[in-house]
1. For Ala132, state whether it is surrounded by 18 or more Cβ atoms within 10 Å (Cβ to Cβ) and modelled with pLDDT of 95 or more.
2. Pull up the stretch 143-154, narrow it to residues that are surrounded by 11 or more Cβ atoms within 10 Å (Cβ to Cβ) and touching a helix residue (DSSP H, G or I) at 6+ places or on another chain (Cβ under 7 Å), then point me to the one that is farthest from Ala128 (Cα to Cα).
3. Is it true that some residue in the stretch 26-40 is under 30 Å from Asp134 (Cβ atoms) and modelled with pLDDT of 95 or more?
Amino acid sequence: MEPFKTFRGVVATLERANIDTDQIIPKQFLKSIERTGFGPALFFDWRYGKDGTPDPAFELNAPIRAGASVLVTGNNFGCGSSREHAVWAVQQDGFKAVIAPWRGDAAKRIPGFADIFKNNSYGNGLLAIELAADEVQWIFSAAKNRRLEATVDLAAQTVTVHGNHERTFRFDVAPDVKDKLLNGQDAIGLTLAHEAEIAAFEARHDVQMP
């Protein structure tokens, strides 16, 4: 997994809530045993018409969204099944970060992301960012009918939207998640960092079978 670095990229907006994993990457694309090639299938049923050509009415097909690397969407993104392919599809289509709003209050909070999707994102180097609903709505409005860029800085935990009215938003991320992303460590990499200690433990506890 590559270390997450500060970047500036084009913003793509998909103002829909409760986008489930079957919309992110439909089930017919889960047959592959490889972890590559999922980018073109992202949002397949929305992205393409019945003849297989890109649907110009779909938001992400707009020319002003070409090359986008920051996806801004509605709350509860990635709900549904636990398929890790959903994260792969988002990444392989060029996105490095996804921003979604949380709603409600501490007693009844609707998250920006489904828990499994968020955990899968962090495990694959995709940054899932939760902002307040009014902050995300501001981004939706700022990006309407225009090409918008933003800088995502994980170390500072900020998203800066550029333009005539530049604005910076701060987001929270668990310290251990932040450290893993900045250092490019997934669960396997974190384990291998202690390979010497593991080998020493196994040597001390080697049980000989009779």
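The values are calculated or read from the model by the stated rules, or taken from the named source; none is laboratory data. A quick note: this is a predicted structure, and the numbers were derived from the prediction, not measured. Glycine also receives a Cβ, built like all others from the backbone with ideal geometry; neighbour counts cover every protein chain displayed.
1. Against the criterion (surrounded by 18 or more Cβ atoms within 10 Å (Cβ to Cβ) and modelled with pLDDT of 95 or more), Ala132 does not qualify.
2. Once the filter is applied, the top-ranked residue is Arg147.
3. no
Condition check ((1) among the basic types (Lys, Arg); (2) assigned to a helix (DSSP H, G or I); (3) under 14 Å from Phe113 (Cβ atoms)) across all residues:
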| site | (1), (2), (3) |
| --- | --- |
| Asp22 | no, yes, no |
| Lys31 | yes, no, no |
| Gly52 | no, no, no |
| Asn75 | no, no, yes |
| Arg83 | yes, no, no |
| Val90 | no, yes, yes |
